[in-house]
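The values are calculated or read from the model by the stated rules, or taken from the named source; none is laboratory data. Since the structure is predicted, the reported quantities are computational estimates derived from the model, not experimental observations. Accessible surface is based on the protein model in full, side chains and every heavy atom, while ligands, DNA and RNA are left aside. Shrake-Rupley method; radii C 1.70, N 1.55, O 1.52, S 1.80 Å.
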Amino acid sequence: MGDAELVRAAQSGDATGLGFVLERHQTSLYAIALRILGRGPEAQDAVQTTFLIALNDIGSLREPEAVG
């Protein structure tokens, strides 16, 4: 399944869909956080915060194709 389909599933209440999307993008999110923050623990916290925001706000995402 692509990201958009997984996001739509998550928006319909399927937490597994969101889990797959987050897992798929975790490495790239961490790389970006490392580049910006320059340290491991802070970068890990930033990724974790991003995941929490995604969990809380997935229902308001208007363009599931843009999740990446």
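Can you give me the % of accessible surface on the chain that is carbon or sulfur? Probe 1.4 Å, all protein chains present, nothing else counted. Carbon plus sulfur share of accessible area: 55 percent.
Note on the chain: helix-only mean residue ellipticity at 222 nm, from DSSP H runs of 4+ residues weighted -39500 (n - 2.57) and normalised by residue number, equals -24500 deg cm²/dmol.
Give the accessible surface of the chain per residue, rounded to a whole number of Å², with probe radius 1.4 Å and ligands, DNA and RNA excluded.
Details: 4710 Å² over 68 residues.
With all protein chains present, the chain gives 69 Å² per residue.
Based on every Cα atom in the chain, Rg and the maximum pairwise Cα distance Dmax equal 12.3, 37 Å.
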